[in-house]
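As structure tokens, the structure follows; a few thoughts come after it.
The values are calculated or read from the model by the stated rules, or taken from the named source; none is laboratory data. All values derive from a computational prediction rather than experimental measurement. Quick reminder, even Gly has a Cβ in these numbers, built from the backbone with ideal geometry, and neighbours come from all protein chains shown. For accessibility, only protein heavy atoms count, side chains too; no ligands or nucleic acids. Shrake-Rupley method; radii C 1.70, N 1.55, O 1.52, S 1.80 Å.
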There are 2 protein chains.
Amino acid sequence: MKSIIRILVCTLLVIPLMSVHGQDRPDPQPAPDIDECFNLGIAGYTFARFDLEKTLETLKRTDVHYLCIKNFHLPLTSTDEEIKAFHAKLKSADVIGYAVGPLYMKTKEEVDQVFEYARRVGVKTIVGVPTYDLLPYVNENVKDLDPRMGMCLDIGHDRRNGKDPVADLEKYHARVFDIHLKDVTDASKHGYSVEVGRGILDIPAFVRMLRKVNYTGVVSLEHERNMDNPFMGIAESIGYFRGVIEATKR
Amino acid sequence: MKSIIRILVCTLLVIPLMSVHGQDRPDPQPAPDIDECFNLGIAGYTFARFDLEKTLETLKRTDVHYLCIKNFHLPLTSTDEEIKAFHAKLKSADVIGYAVGPLYMKTKEEVDQVFEYARRVGVKTIVGVPTYDLLPYVNENVKDLDPRMGMCLDIGHDRRNGKDPVADLEKYHARVFDIHLKDVTDASKHGYSVEVGRGILDIPAFVRMLRKVNYTGVVSLEHERNMDNPFMGIAESIGYFRGVIEATKR
């Protein structure tokens, strides 16, 4: 019986050096997305069931520094003081609130309210979802549809609509100002969101296209799974995306 | 002021299709490591502060199916009944306990006990840490050092010892029967463990070498950071490694 057992000698000689104290030291190395043309962020909707403190704690743990501000964290009715306090809290966590949304707009009044909100928050980008018949009115706020009206390319929904996000990014990149990163299980309405890397999207091809079109916006993970306890899914998705970034650099 | 704000129309048309029910469906797609020569696992030490239930729940959430059995989950004094129950629990979670260890051995009696334990558990591999002067006695259990005595290559400790894990895998691969996956901050004793992808290891080069030498064992994440709450770090590390696997397939 002895003969079938293999014994492995571990290279464990230096284990005592790793004190608990050591484990708590900050990461010394920038994330692989730091030197890309784009930035990595997380869409606020990911934290629909959590407050801003838990949101910022999660961004810190995943070393992510861009947040698309969702109105359940900063209501449209916020006072200027509340907006100021919100920004201060983000800054203390080394996070930039780079945009607001998604924000739904069903009336002209709501369009006005959303634009006024964005101005007061001080962001240059609204991820907005106006009803289709309001698009001309929205357009009055961003004259001639050019160059300030564009698309938040949600690569998961795009794929579920039967489209190819890699081809669409190439085709529309001049109009793509924000990106929602996710993965889905099927190129149809039966598809649903999963951790990035577990679905059918070709993430390596998408990262290569981000570089090819020199996308300079934020790629924001919008994690829509296990929303009561999304944290491991968020971490796995961020890890996967960064693994792809690193492995496609060469 | 209006002119500086961009409006992005989200492709959100299909959102209502994603019910909570839908989010709970199983993943339809195999992990990218499924069709590799090697398997992805997690070393039991990762869960030093958690019981077997939490361990198996974590493997399920990260879709990992190989576990190196640590003796705090299955003591060396376990009865045959307890071993049987342990294996049944792993099987119900679709997990294979592929090896035992790391196990430290300071006396001949402990060597005997560890080999007997491995036989009773029914695994073919011991990740063992005998004191150096016991190596000849261990050797009697695995005659002639060939071919059953080899190495668990811990790529983090290897790097902290100033070695290059990619080169070492190529050099010693005939003797490498298990691998501990981690990342570290420095190629010296001052280095410490971090989430895979946040340290200095060249993970893409390591994955390519695993294929080049046709490594057919398990690559087991041994996560040694934030051990009171390691779950996001585990998920990020597994995600990163799978992202690298996927992106280096072509």
Query raised in the report: helices (runs of 4 or more DSSP H) wholly in the range A:30-133 with at least 1 residues that are within 24 Å of B:Met232 (Cα to Cα) - which ones?
Result: A:52-61, A:80-92
Query - Pair list, Cβ under 9 Å, 6 or more apart: the range A:217-233 residue closer than 15 Å to A:Leu181 by Cα and at the interface with chain B (Cβ under 9 Å from one of its Cβ atoms), other residue among the basic types (Lys, Arg) and in a helix (DSSP H, G or I) - result: A:Gly233/B:Arg61
Report task. Show the residue pairs that are 6+ apart or on different chains and have beta-carbon atoms under 9 Å apart, the first residue being within the range B:92-104 and within 11 Å of another protein chain (Cβ to nearest Cβ), the second being of a type in the set (Phe, Trp, Tyr) and open to solvent by 40 Å² or more (accessible area, probe 1.4 Å). Result -> B:Ala99/B:Tyr66; B:Gly101/B:Tyr45; B:Pro102/B:Tyr45
Report task. Name the single residue, out of those in the range B:170-190 being at the interface with another protein chain (Cβ under 9 Å from one of its Cβ atoms) and assigned to a loop (DSSP other than H, G, I, E, B), that is nearest to the chain's Cα centre (by Cα). Result -> B:Thr185
**Report entry** A:Ala167 surrounded by 23 or more Cβ atoms within 10 Å (Cβ to Cβ) and more than 15 Å from the chain's Cα centre (by Cα)
**Finding:** no
Report task. Only residues in the range B:57-84 that are small (Gly, Ala, Ser) count as the first member; pair them with residues that are surrounded by fewer than 17 Cβ atoms within 10 Å (Cβ to Cβ) and at pLDDT 95 or above, Cβ under 8 angstrom, at least 6 apart or cross-chain, and list the lot. Result -> B:Ser78/B:Arg120
Report task. Quick one: in the range B:211-250, of everything that is in a helix (DSSP H, G or I) and open to solvent by 20 Å² or more (accessible area, probe 1.4 Å), which residue is nearest to A:Thr248 (Cα to Cα)? Result -> B:Glu246
